[in-house]
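Written out below as structure tokens is the structure these notes cover.
The values are calculated or read from the model by the stated rules, or taken from the named source; none is laboratory data. Not measured: the values here are computed from a predicted model. Neighbour counts are summed over all protein chains in view; Cβ atoms, including those assigned to glycine, are modelled from backbone coordinates with ideal geometry.
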Amino acid sequence: MTKQEYRDMYDVVGAAMEVYNTLGRGMAEAIYQEALAVEMKKRSMNFEREKELRLHYKDVLLDKTYFADFYYKDIIIELKSVDEIISDHRAQLFNYMRITKQCRGILFNFGEIGLYTERYLYLPDSDDFVLLNQDNYRDYIDV
């Protein structure tokens, strides 16, 4: 990941923080989706909302369709407004990252006290997901 790609993730978190600071916690997920779209547009961030994700199996396009909440500069962004993030929420983000072959993803929860954020890198060679945090993010930035 380049420094710019990391900054792009930081920009998304900043926009989500502004939404959380303005609206507070516990509203419906759809409200946060709409507000984040307004905030990202205000910041001139070129994004797609409810991006359709399609999956192929052995060169056959499957009928099943998924929709990621946001797609920005190859970052899959998923929003939740729940009491607590559970493994199913992470699995949803991870599946979207696998489907799109995108290596960066962010999971937000607007339902907790303070905006809860998890930033992930997908390592396709090992099919692993790495949670980026203060201690390890520098290990994944190309210098």
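Among the residues of segment 20-75, the ones that are closer than 13 Å to PHE108 by Cβ, of a type outside the set (A, V, I, L, M) and under 13 Å from the mean Cα position of the chain (by Cα) come to 4 in all. Residues that are farther than 23 Å from GLY14 by Cα, among the charged types (D, E, K, R) and not in a strand (DSSP E or B) do occur in segment 121-130, at least one of them. What are the residues in segment 42-73 that are loosely packed, with under 13 Cβ neighbours inside 10 Å, modelled with pLDDT under 95 and more than 23 Å from ALA28 (Cβ to Cβ), if any? Scanning segment 42-73 gives ARG54, HIS56, TYR57, LYS58, ASP59, VAL60, LEU61, LEU62, ASP63, LYS64. Listed conditions (1) surrounded by fewer than 14 Cβ atoms within 10 Å (Cβ to Cβ); (2) within 17 Å of the chain's Cα centre (by Cα); (3) at pLDDT below 95 are all met by MET1, apart from (1).
ILE113 meets all of the listed conditions (1) under 17 Å from MET27 (Cβ atoms); (2) part of a helix (DSSP H, G or I) but one, namely (2). Looking across segment 20-35, just one residue is closer than 22 Å to ASN133 by Cβ and in contact with a helix residue (DSSP H, G or I) (Cβ under 9 Å, 6 or more places away or on another chain), and that is TYR20. Restricting VAL82, VAL38, VAL12, VAL60 to those that are in contact (Cβ under 8 Å) with a residue 60 or more places away in the chain and among the β-branched types (Val, Ile, Thr) reduces the list to VAL12. Where strands (runs of 3 or more DSSP E) sit wholly within segment 1-97, those with at least 2 residues that are out of contact with any Asp or Glu (no Cβ under 9 Å at 6 or more places or on another chain) occupy 47-57, 60-72. Considered as a group, the residues in segment 100-121 that are crowded, with 17+ Cβ neighbours inside 10 Å and hydrophobic (A, V, I, L, M, F, W, C) include one that is modelled with the lowest pLDDT, and that residue is CYS103.
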